Every structure is written in structure tokens, then in C-alpha cells.
């Protein structure tokens, strides 16, 4: 009787471990950080791409209802594909669009803006990528929506899509 | 005269090498912290091992934070706040992870009991 209980327990443990690992096989193991919603944005400052004047980010969000930070670079192909969405967003008066130019050469960044248009009210540069890491980004393009209380309302990882644009409209209206 | 020269030498040595020593200590700490962080781009590697843009910038940020006077714990807490608990290899014990911590212990105790019964109780 006792032996049976031991065997049953061992079998039960093996079945449990098997199910655990089997389920784990089909679970995506790519972690996407989503810890930032409703957290205060980190205060940072950066140089303006054109004037090279140091600007504190806090100054840029005080008056507007929603501020959107878009992290981009001229060498980033997905950034090109989302650029027309950013141009559309720049027409929305309720949004202040701020660009953060990630690990880019200023000449290339300026050429990109000249070629495709400038949707941003200000473009700050992040030459070593540390500002983006401080913000909680981990790749580009990334887009953060920030409300007037300087809280992150939503974060989009990867290029913006039509669905994302609808979400942005819902949030900002 | 010899003594004066000796003192001058020590003074020069400390003057020029102090910066190096501090920089070296900081680098050791940067390496230590980055070995305990998971790279979010190459998710099988630590930030220390990875050469992705994310990892390179992360190492620079850690260096900057150390220079600003942050302690090791403050840096971990900051990064956990930004990227979540998952970024750290050192998993905390909380209600989500207690099974992870307790399960090996339970197996160990259960196995110990089995061996004890087999060997000592006949």
C-alpha cells in the first residue's frame, strides 16, 4: 500500500513537470517590457538637433495636453515606414510631437527630415542611446504618449500602425 | 634628498594613478552589475556579454549612474522599475515566484525522506 502511494506520487510529479514544460513550449519566450504605463516619465535633457541648445524635456510638456515622444533614427528602416503616420499626427493640434534622434549622425538625421518632412516640434539628440534607456525604451522606433501630468499613458514598441493611430486618437480625444 | 625624491615619487604616483584606480573600480562595478542584467534584445545573454545597441547603451547608463553617485541597489531598483523584474537575473521572492524558489526545496526534502526511509528504516 505504502509503495503504491510512493509510486503514485512520483508518477504525479512527473506528469506535473511534463505538463509544465509542455505548456512552456508553446508560450512565447520573448519578453516585452510593459512596466511603464501610468508611471511618471523620467526627467531628461538633450541637445536640439538643429540649434544644439540643451533643452530640458519638462519645458516641452508643460503647456500641452498630450506629448508624444518618438524615438527614431535615419538608419532605421521601420522609422521610414511609420514617418507618414507621424506627419499625420503633426496636424493634430492636441498633440505635441517630440522626436528623440537615437544614435545617429546629425547630418544624416537632418537629411532624413529634409527628405521626408519634419513632423516634430522639437528634435532632441541621443548620441549614445542613454536617454532612450533611461526612458525605458529598448529598440527603435518606439513611441510614448505622455499626458499633462507627465505620466506615460501608452507606449508603442515598433513602427506605428493604423491600429496604433486609432488608439492614439482615442486617447487624445 | 633621497627621501624627498621618494615622497615626490609617491605624490606623483598617487596624483596620476588615483583617477585610473577610480575608473577601474567603476569598470569593475559596471561589469558586475551588467553581468546580473538580462539583455532584452538578445534574450539569452547578459548585458555584459551582449554587443547589441541596447546593451552597449545600458553599460554606458550604468557607468553614468555610478558617476552620479548611485549605489548598486539603486541602479538595480531603477532598472527594475523601468523594465520590470525580468531584467534582473536575481529573482526576488514574491507571490509570483515563491513556487520557483520553494519547489526545488520541496523536491530536495521529499527525496531526502525517501532516501532516509530506504537506508535507515527497514
Exercise for the section: Give me the angle, in degrees from 0 to 90, between the Cα long axis of helix B:53-67 and the longest principal axis of the Cα atoms of chain B, rounded to the nearest 10. Expected result: 60
Problem - Spin-label model distance (nm) - residue B:4 vs residue B:105, 7 Å beyond Cα toward Cβ - result: 6.8
Problem - Sum of -39500 (n - 2.57) over DSSP H runs of 4+, divided by residues of chain B (222 nm, nearest 500) - result: -24000 deg cm²/dmol
Handout entry: Taking chain A and dividing mean pair separation by its residue count, relative contact order in percent (alpha carbons under 8 Å, at least six apart)
Key = 26
Practice task
Give the angle, between 0 and 90 degrees and rounded to the nearest 10, that separates the Cα long axis of helix A:2-25 from the longest principal axis of the Cα atoms of chain A.
Solution key: 20
Handout entry: chain A: calculated mean residue ellipticity at 222 nm from DSSP helix runs of at least 4, using -39500 (n - 2.57)
Key = -12500 deg cm²/dmol
Practice task
Working from Cα positions, state the angle (0 to 90°, nearest 10) between the long axis of helix A:106-116 and the longest principal axis of chain A.
Solution key: 80
Fill in the blank from the handout: Quick shape summary for chain A, equivalent ellipsoid via Cα gyration tensor, semi-axes whole Å in descending order, reads 44, 18, 16
Handout entry: Counting DSSP beta bridges with both ends in the protein assembly as shown, the antiparallel % (nearest 5)
Key = 60
Exercise for the section: Apply the Debye scattering formula to the protein assembly as shown, with a single equal point scatterer on each alpha-carbon and no solvent, then give log10 I(q)/I(0) at q = 0.15 Å⁻¹. Expected result: -1.19
Problem - Per residue convex hull volume, Cα atoms of the range B:2-90, in Å³ - result: 108
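None of the figures in this text is laboratory data; all of them are computed from the coordinates on show. Values in this document were obtained by computation on a predicted structure and should not be read as measured data. Note that each Cβ is placed from the backbone with ideal geometry, even for glycine, and that neighbours are counted across all protein chains shown.
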